[in-house]
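The values are calculated or read from the model by the stated rules, or taken from the named source; none is laboratory data. Note that the coordinates shown come from a computational prediction; the quantities given were computed from them, not determined experimentally. Glycine also receives a Cβ, built like all others from the backbone with ideal geometry; neighbour counts cover every protein chain displayed. Surface areas here come from the heavy atoms of the whole protein model, side chains and all, with no ligands, DNA or RNA. Shrake-Rupley method; radii C 1.70, N 1.55, O 1.52, S 1.80 Å.
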Amino acid sequence: MSSFLTSDDPGARIPSRFVDAEDALHETAMAMSGHDDFGDPAYRQGLRVLLQAIDAECPMTPQGRIFAFFELAMALNARLVTEAGWKAFPELLRTRIEAPLVITGLPRSSTTVLHRLLAVDPQFQGLESWLANAPMPRPPREQWGEIPAFRASDRRLEKWFETVPQFRAAHDMAVDDMEECIEVLRQDFATNRFGCNFDVPTYDRWWMSRDELPSYRRFADVLRLIGGREPGRRWLLKYPGHIYSIDALLAVFPDARIVYTHRDPLRAIPSVASLIHLARRIPCGDAASKNTGPRELAVWSRGTQPMLRARQRHPRQFHDVQQRDFLRDPMGVVAAVYAAFDLRPGAGVEDAMRAWLERNRQGVHGEHRYTLEEYGLSAGDVRERFRDYIDAYGPF
């Protein structure tokens, strides 16, 4: 959820107002990447809305302003690197992405652990964290440690955990882990990504009114750049936010296989609200409001409606997973996913998955605690907003 950088990075010019930072952000990104082509300038509309909202709505500490500046510069850097990669390897853009396996559902419904467990199977390829920050044709694994972009991503992630150590208990990450699709979708500046780190309701309203299809088309081409040299490996993707953008996802990947994870919203929404509060403490410090629940309630209840309609149109492309079933019998859930989409694990994969589960037992980095009330929520409000979802997939 972060690309943390500090003020001693090259090209740093932290503005007094973010609305005046557009040129400085682009110059910093160019200094980072060594490239100067940002592609289609349509992304600037979202960037400008975001800069205005940061100034008007998101008070930050001095260190938080540095964080915010480089968070935005890193998204621009990823655009530059992507555009350069497409120019260098245009043949990869012709790669067909067939029937990707996509994990989505309410946040905090075990999408991450299911994603990483399935990623043990080498028949799948995924979006590694460092490649989301610096898209390029995926190099051989043994070379990653020598690649500057890999080392830079590793340093940024360690800085993030040093700054917010409690985040590891809530959502552990590693530089070579499979990453959420949002880390690529942010390149177009029309995404939930920025509202997660910054309290910017004006930007949120703008983003939620947008058609995300252009962002998904760009996302698909980034996947082609990264994985086009291994067309025989099926893409394994994960992002809870695909639920509110499911129409765009299916427009770009019409044969996608969707694993839809479920959890009681009374547990999922305060859990994600607490995660967002932790993330916002980086730019805002003690000024970060704990009233994050209403935003998350609005975003995620909105997302259940497109999924209900998509399920009716494409019933054979969806497979449901209840979080309680996954926690009780993860290998049984994995077997059901394979069976639903006529997939088969290779030799030794199931043993490797069991070993992964043993190494990654829940709670190893501490317990993540939260309540509805501390994040501005009530049980009645959550039940009302999720009434259709609970009727369709409950009781929980």
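Can you name every residue in region 229-251 that is crowded, with 21+ Cβ neighbours inside 10 Å and over 18 Å from E128 (Cβ atoms)?
Listed by number, the residues that qualify are P240, G241, H242, I243, Y244, S245, I246, L249.
So, of the residues in region 286-321 that are over 20 Å from the mean Cα position of the chain (by Cα) and aliphatic (A, V, I, L, M), which turns out to be most open to solvent (accessible area, probe 1.4 Å)?
A287
Pairs please, first residue from region 19-37 and of a type in the set (S, T, N, Q), second anywhere and open to solvent by 60 Å² or more (accessible area, probe 1.4 Å), Cβ atoms under 9 Å, 6+ apart in sequence or on different chains.
T28/P10; T28/R13
Looking only at region 252-285, how many residues end up being buried (at least 23 other Cβ atoms within 10 Å of the Cβ), touching a Phe, Trp or Tyr at 6+ places or on another chain (Cβ under 6 Å), of a type outside the set (V, I, T) and more than 25 Å from I390 (Cα to Cα)?
Residues meeting the conditions: 1.
Tell me which residues, restricted to region 174-189, are of a type outside the set (V, I, T), over 8 Å from the mean Cα position of the chain (by Cα) and farther than 13 Å from R79 by Cβ.
The answer is A174, D176, D177, M178.
Those residues that are outside any helix (DSSP H, G or I) and among the small types (G, A, S), I need them from region 284-326; list them, please.
A288, S289
Among (1) farther than 18 Å from R116 by Cβ; (2) touching an Asp or Glu at 6+ places or on another chain (Cβ under 9 Å); (3) in a helix (DSSP H, G or I); (4) open to solvent by 30 Å² or more (accessible area, probe 1.4 Å), there is one condition A339 misses while meeting the rest; what is its number?
Failing condition for A339: (2).
In region 209-228, which residues are under 20 Å from F189 (Cβ atoms), open to solvent by less than 70 Å² (accessible area, probe 1.4 Å) and of a type in the set (G, A, S)?
Matches in region 209-228: S215, A220.
Of Y370, Y393, which residue is open to solvent by less than 40 Å² (accessible area, probe 1.4 Å) and within 30 Å of R316 (Cβ to Cβ)?
Just one listed residue meets the conditions, Y393.
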